[in-house]
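One structure below.
The values are calculated or read from the model by the stated rules, or taken from the named source; none is laboratory data. Everything quoted here is computed from the prediction, not taken from an experiment. The accessibility values were calculated without ligands, DNA or RNA, using every heavy atom of the protein model including side chains. Shrake-Rupley method; radii C 1.70, N 1.55, O 1.52, S 1.80 Å.
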Amino acid sequence: EDDVFVKPASVFSRLGVRASMLRGMVSGDEVRDWSHAPAASALFPYGAEFERIDLLSSPSAHRVMWPYRNNLSNNKMFGKQTKVEAGLKWWEYGRLTTRKLRVPFSITFAFVATHNHFVLDRGGQVFNRSAPVIKLPAEATEDEHLGLLGLLNSSVACFWLKQVCHNKGSTVDQRGARQTTMPFEDFYEFTGTKLEQFPVTDGTPIRFAASLEALVQQRTSRLPAALLADAQPLPTRATLAAAHAEFESLLRRMIALQEELDWRCYRLYGLLPEGAAELEHPNPPE
C-alpha cells in the first residue's frame, strides 16, 4: 500500500496535511552526484521520539487515509497476522526500526545504477527499497561517515564494485532478455551483501569528502526553488542567470575535487608507485 503513504509533496499540501507529518521519500534514481533531492513525501504518523500519533489529531491526514483503512488493517505481517492483530493501528507502518532511526546519520546509495552513488543523509528522510542505507554504530562521528563516504564515492570503489556486483546490462532485446551494448551504459546491482566485503583503508579522504559535501549544499541553494522560497522580492531574470552560472561553476569545482579525491584514494589503497610524489592539488582550478 505504498501509494497511500507516498505522494508528491504538492499533493499532501493541497490536501491540507501539515508538513510536520511528512518526511522526504528517497528513491535510488534520486541519489546522484553526492546529493539526493526527494521528489515525493511520505506520510509519517509518528512524533519526534517515534511514538505513534493518534491520526484523529490530524483531521486532514485522517481524511486522506480513511478510505484505505480496511486494506491497511488487513496487511499481512510476519506470522500471518494482520497489522491490527499484531497490535498496530491501521495507519502505522508495518515495520519501523526506531533504534536505527534515532541515529540521524545514514549513508544511502543507488541500488541499481551505472556507477557508485553514495550520499550522506543527516536525518529526517525515509528510504524506499531502491535506496538502501548503511548505518554505522551510534557513536560514529560525522567525520567517520564522511571518510567512508569519500572511499565509497571514489573510482577505486567503482572499479571494485563492478568486479563483484551483478551486471544487469544496459537494455533488453525484443524478447526481454538483458543485453550489453557499451560498457559505460551497463547497470549494476549494488547490494548490501557485497558492500559488507568492501575493503576500508585505515586512512580516509575526509577533507575532500567534506569539501564536496559543502559544494553540494551551495549548489542546492542556487536552484530556482531555493531562490524562490527565500527571495523577497522575487528574483529577476538577471539574478536567476547569475545563480545558474554559479551553479555550473560549482559543478566544475566538484568535478575537479573528485579528481583529487580519486588520487588520494589511489595512494590510500597502495596503487601508486612507491615513493611517488604527492599528486593532489591543494586548490584545483575548475
Discussion item. Could you work out the relative contact order of the stretch 3-46? I mean the mean sequence separation of Cα pairs under 8 Å and 6+ apart, divided by the number of residues, in percent.
Written reply: 48
Worksheet item: Which whole-Hz couplings ³J(HN,Hα) result when phi for each residue of the stretch 6-19 is put into the Karplus expression 6.51 cos²θ - 1.76 cosθ + 1.60, θ = phi - 60°, listed in order with x for Gly and Pro?
Response: 10, 8, x, 4, 5, 5, 4, 5, 5, 7, x, 6, 5, 4
Response to the item:
Of Phe187, Phe118, Phe78, the most mobile residue in a GNM of the chain (C-alpha springs, cutoff 10 Å) is Phe78
Worksheet item: Whose amide H sits under 5 Å from the amide H of Val112, counting only residues 5 or more places off or on another chain, with H placed in the peptide plane?
Response: Phe190
Discussion item. Per residue, how large is the accessible surface of the chain? Use a 1.4 angstrom probe and give square angstrom.
Written reply: 58
Worksheet item: Using a ≥ b ≥ c from the Cα gyration tensor of the stretch 109-226 (square roots of the eigenvalues), is it rounded, prolate or oblate, where a/c under 1.5 gives rounded and otherwise the larger of a/b and b/c decides, a/b for prolate?
Response: prolate
Practice prompt. Ratio to report: Rg/Rh of the chain, with Cα atoms as the point set and Rh obtained by the Kirkwood method; give two decimals.
Written response: 1.01
Fill in: For the stretch 181-286: rounded, prolate or oblate by the Cα gyration tensor [a/c cutoff 1.5]
prolate
Worksheet item: So how far, in whole Å, is the C-alpha centre of the stretch 75-154 from the one of the stretch 237-286?
Response: 29
Response to the item:
The ³J(HN,Hα) series, computed from each phi in the stretch 262-279 with the Karplus coefficients 6.51, -1.76 and 1.60 at θ = phi - 60°, rounded to the nearest Hz and given as x for glycine or proline, is 5, 4, 4, 5, 4, 5, 4, 8, x, 9, 9, x, 4, x, 4, 5, 4, 9
Worksheet item: Which percent of the accessible heavy-atom area of the chain goes to carbon and sulfur, probe 1.4 angstrom?
Response: 54
Fill in: Cα-based shape type of the stretch 35-184, given that a ≥ b ≥ c are square roots of the gyration tensor eigenvalues and the cut on a/c is 1.5
oblate
Worksheet item: When only C-alpha pairs under 8 Å and at least 6 residues apart count, what is the relative contact order of the chain, in percent?
Response: 14
Practice prompt. Could you state how much accessible area Glu139 has, in square angstrom rounded to the nearest 10, with a 1.4 Å probe and all protein chains kept in place?
Written response: 140
